[in-house]
1. So for 118, 100, fewest C-beta neighbours within 10 Å to most, what's the order?
2. Quick one: Cα centre-to-centre distance for the range 7-38 and the range 71-91, in angstrom?
3. Quote to one decimal, in nm, the extra length available between residue 47 and residue 189 on full extension: 0.36 nm per residue of separation minus the C-alpha distance between them.
4. Within 10 Å of each residue's Cβ, count the other Cβ atoms and sort 197, 159, 30 from fewest upward.
5. Which of the three applies to the range 28-121, rounded, prolate or oblate, going by the alpha-carbon gyration tensor with a ≥ b ≥ c and a/c under 1.5 meaning rounded?
6. For the pair residue 70 and residue 39, how long in nm is the line joining their label points, each one 7 Å along Cα→Cβ?
7. Need the full-extension length gain, residue 78 to residue 131, defined as separation in residues times 0.36 nm minus the C-alpha distance. One decimal, nm.
8. Report the label-to-label distance for residue 7 and residue 100 in nanometres (one decimal), using points 7 Å from each Cα along the Cα→Cβ vector.
């Protein structure tokens, strides 16, 4: 970010697939703000308690204390007037209001740093992140490493049987994939395979009917 003059706020958005280091980069920027003696507040969605309840934890183990919120509007209620820097992790879980909330905070002269997935498990834009990217002053797009071939990965591959948009998980449930190795229909295929396994066989149906 270039030098900003006066009491002007702005929005920084860090996006990328899972395992690309988004939370790690957020923690790095917030730590630097704290070293600079700036007043910092950090928030994350209550739905995300994979590693810690009251902290943002990167996959590499870095951690910083945070407050839980149910939605974007709750951040406005909790931000103290003297806070200068606001960090928000996993913004895609905070609903459409997060866009207006971040804009409002920036208008109040605060630096807002946000992370989130820019695409979902099908490779589609993950709302509301595209709208947040449109109003941000600075955008950082991070890449992970494809777990199949080692190439730069831009996608989050879901490995479990579910069509739900939001399924919170980490290793074992998701992995990073490159464009070539990404299988957007894999979750649906696993769902169909699971359904077949739970259906009674033809012989079982005959025995059931005979009984």
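1. Ascending number of Cβ neighbours within 10 Å: 100, 118.
2. Measuring centre to centre over Cα atoms gives 14 Å.
3. Length gained between residue 47 and residue 189: 48.5 nm.
4. With the sparsest Cβ surroundings first, the list reads 197, 159, 30.
5. oblate
6. 2.7 nm
7. Net length gain for the segment: 16.8 nm.
8. For the pair residue 7/residue 100, the computed spacing is 2.5 nm.
Here, each number is a calculation from the coordinates, and none is a lab measurement. The structure presented is a predicted model; accordingly, all values stated were derived computationally and were not measured. Note that we place each Cβ from the backbone using ideal geometry, even for glycine, and neighbour counts take in every protein chain shown.
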